Amino acid sequence: MQPTLNKERFILPYWTCEIGQRISMLITGPVCRVFFRTRVMGYENIKDLKPGVVFALNHTSEWDPIVFANGFNIFSKMIPLYTTSREKNFYKTSALRSIFYGGNLFRFMGAFPVVVGVKNYERSLAFHIKMLKNGKNVLIFPEGHCTKDGKLQPAKGGVVALARAANVPVIPVGVTGLFNITPKEFFLRKRRVGLYFGKPIYPNELFLENGRVGYSAYPQIANEIIMSKIAELIDL
């Protein structure tokens, strides 16, 4: 049985996160400011960009997308963010995670699943490509999963596919201070979180040598150009 396209599986329409994400930020914003004391650096690199960009963020914690969204204010042109996520079945081994992740509340806050198992980036990321072409912003974790040792993991090719298919820039972003955070560290404000925005990387910079590069080269491009920039940002 062929996986269905994203739009065929949604109960809530995509535009609900225009409201939902901003409502959630009214709650999570003070949390990030008080308990994480989040420091945002490099915002000057993106302040003049028009909406319709890909943000590529390293994945260290389930807090990552929340902290990232709150790097902006609720009236920012970069909000809402349509985040790539896994399907609901991916979280079924954890009762608590399965209630929230992949469900309607998750989508209400901007997280929409990719289509897995099709071996075709354009189909797998069809929803997110459409959003980019419509001038919306997409957040993706190039590594595809959360790090288990605190170090950057090899990137997959999805971030490059988004940039190429929608012909939009990629903004490398680094987050620090969230890996393996404990409840005690959270409530006692033991961590200082950093969010670092890099300069935009445009599609022509990703495909300098050959504009007809195949899918197999996408992970290498993502690692050599995008992940290397993220590594520079978090090594401050």
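Residues that are at pLDDT below 90: list the helices (runs of 4 or more DSSP H) wholly contained in region 5-113 that include at least 1 such residues. Steps first, please.
Details: elements: 16-31, 64-69, 95-100, 104-108.
Hits in region 5-113: 16-31, 95-100, 104-108.
Just to be sure before I move on: is residue 130 within 29 Å of residue 38 (Cβ to Cβ), touching a helix residue (DSSP H, G or I) at 6+ places or on another chain (Cβ under 9 Å) and not aliphatic (A, V, I, L, M) in the structure I sent?
Numbers: within 29 Å of residue 38 (Cβ to Cβ): no; touching a helix residue (DSSP H, G or I) at 6+ places or on another chain (Cβ under 9 Å): yes; not aliphatic (A, V, I, L, M): yes.
So residue 130 fails the test.
Please list, ordered by first then second residue, the pairs with beta carbon atoms under 6 Å, 6 or more apart or interchain, first in region 32-61 and touching a residue at least 12 places away in the same chain (Cβ under 8 Å), second surrounded by fewer than 17 Cβ atoms within 10 Å (Cβ to Cβ) and aromatic (Phe, Trp, Tyr).
Qualifying pairs under 6 Å: 35/186.
Can you tell me which residues in region 42-73 are touching a Leu at 6+ places or on another chain (Cβ under 7 Å) and either surrounded by fewer than 17 Cβ atoms within 10 Å (Cβ to Cβ) or within 19 Å of residue 112 (Cα to Cα) (or both)? Break it down into steps so the answer makes sense when it comes.
Of all residues in region 42-73, those touching a Leu at 6+ places or on another chain (Cβ under 7 Å) come to 52, 54-55, 57-58, 60-61, 63-65, 67-69, 71.
52, 54, 55, 57, 58, 61, 63, 64, 65, 67, 68, 69 - these are the residues of region 42-73 that are touching a Leu at 6+ places or on another chain (Cβ under 7 Å) and either surrounded by fewer than 17 Cβ atoms within 10 Å (Cβ to Cβ) or within 19 Å of residue 112 (Cα to Cα) (or both).
Only one residue in 171, 226, 230, 181 is within 23 Å of residue 52 (Cβ to Cβ) and outside any helix (DSSP H, G or I), so which one is that? Steps first, please.
Working: 226 fails: outside any helix (DSSP H, G or I); 230 fails: outside any helix (DSSP H, G or I); 181 fails: within 23 Å of residue 52 (Cβ to Cβ).
So the residue among 171, 226, 230, 181 that is within 23 Å of residue 52 (Cβ to Cβ) and outside any helix (DSSP H, G or I) is 171.
From 225, 230, grab the single residue that is touching an Asp or Glu at 6+ places or on another chain (Cβ under 8 Å) and either in contact (Cβ under 8 Å) with a residue 24 or more places away in the chain or within 21 Å of residue 78 (Cα to Cα) (or both).
Numbers: 230 fails: touching an Asp or Glu at 6+ places or on another chain (Cβ under 8 Å).
None of the others qualify; the one that does is 225.
Tell me which residues, restricted to region 128-168, are in a loop (DSSP other than H, G, I, E, B) and either aromatic (Phe, Trp, Tyr) or touching a Gly at 6+ places or on another chain (Cβ under 6 Å) (or both).
Once the filter is applied, which keeps residues that are in a loop (DSSP other than H, G, I, E, B) and either aromatic (Phe, Trp, Tyr) or touching a Gly at 6+ places or on another chain (Cβ under 6 Å) (or both), region 128-168 yields 135, 141, 156, 168.
Here are 139, 152: which of them is touching a residue at least 24 places away in the same chain (Cβ under 8 Å), closer than 23 Å to residue 180 by Cα and surrounded by fewer than 23 Cβ atoms within 10 Å (Cβ to Cβ)? Write out each step before concluding.
On the way: 139 fails: surrounded by fewer than 23 Cβ atoms within 10 Å (Cβ to Cβ).
Matching residue, one of 139, 152: 152.
Those residues that are of a type in the set (Lys, Arg) and under 14 Å from residue 61 (Cβ atoms), I need them from region 120-150; list them, please. Even if it seems obvious, please write down each step before you answer.
Filtering region 120-150 for residues of a type in the set (Lys, Arg) gives 123, 130, 133, 136, 148.
Result: 148, single match.
Pull out all pairs, ordered by first then second residue, where Cβ-Cβ is under 8 Å, the residues are six or more apart or on different chains, the first lies in region 72-86 and is touching a residue at least 60 places away in the same chain (Cβ under 8 Å) and within 12 Å of residue 54 (Cβ to Cβ), and the second is in a loop (DSSP other than H, G, I, E, B) and of a type in the set (Val, Ile, Thr).
Once the first residue is touching a residue at least 60 places away in the same chain (Cβ under 8 Å) and within 12 Å of residue 54 (Cβ to Cβ) and sits in region 72-86, its partners that are in a loop (DSSP other than H, G, I, E, B) and of a type in the set (Val, Ile, Thr) give 84/114.
The values are calculated or read from the model by the stated rules, or taken from the named source; none is laboratory data. Keep in mind that what you see is a predicted model, and the values were worked out from it rather than measured. All Cβ positions, even for glycine, are placed from backbone atoms using ideal geometry, and neighbour counts span all protein chains on display.
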